[in-house]
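The structure under discussion appears below in the form of structure tokens.
The values are calculated or read from the model by the stated rules, or taken from the named source; none is laboratory data. This is a predicted model, so every value here is computed, not measured. Cβ atoms come from the backbone with ideal geometry, glycine included; neighbour counts cover every protein chain shown.
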Amino acid sequence: MKGTVFLTAADLPTIAEGPENVTVALIASRVKLRCRVHGMPRADVKWYKEGQPLRGTRYQVLDSGDLEISDVLFTDDGVYTCRASNKYGKASAYGSLQVQRRTWIASRPENYKVIQNYYLRLHWRFLMTTSSYCC
């Protein structure tokens, strides 16, 4: 007697790489939160913020399972959860997104004329967060 046997591998989803505990993003930037999932059949990945499903065109779940947020707003600050599920089970992981303002100069020095061999001291005010400042 001859026959053919088909073997199908099945595995509940596991999150191999979840979001960082804290991810920092600057306002108006683009940020990616990680959610790399293993499972067979391929798991369906959904993202939530503060327990609510994400809606809107600024949020995109990539084929990798990662979440990409474009044009980051202060209201994007919070706890994000990725949930992976297939017919064999579910898995989830979470991390926080902290949104920060870019450093900016609040008052610039006025135009000054400098006489050769004299010192000039300039004062100005700038507002910054923990983000790095670049010229």
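Filter the range 8-33 down to residues that are closer than 22 Å to S85 by Cα and part of a loop (DSSP other than H, G, I, E, B) and give me whichever is farthest from the chain's Cα centre (by Cα). Outline the logic, then answer.
So in the range 8-33, the residues closer than 22 Å to S85 by Cα come out as 8-21, 32-33.
Those still in the list that are part of a loop (DSSP other than H, G, I, E, B) too: 8-10, 18-21.
On the way: T8: 35, A9: 33, A10: 31, G18: 11, P19: 8, E20: 9, N21: 11 Å.
Looking at residues that are closer than 22 Å to S85 by Cα and part of a loop (DSSP other than H, G, I, E, B), I get T8.
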Practice item. Give the number of residues within the range 57-78 that are of a type in the set (V, I, T) and under 14 Å from A25 (Cβ atoms). Key: 3
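Just to verify a result, which residue in the range 10-33, among those that are closer than 17 Å to K90 by Cα and of a type in the set (A, V, I, L, M), is surrounded by the most Cβ atoms within 10 Å (Cβ to Cβ)?
That would be I15.
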Check your understanding: Of the residues that make up the range 100-110, is at least one crowded, with 16+ Cβ neighbours inside 10 Å, part of a strand (DSSP E or B) and at pLDDT 95 or above?
Key -> no
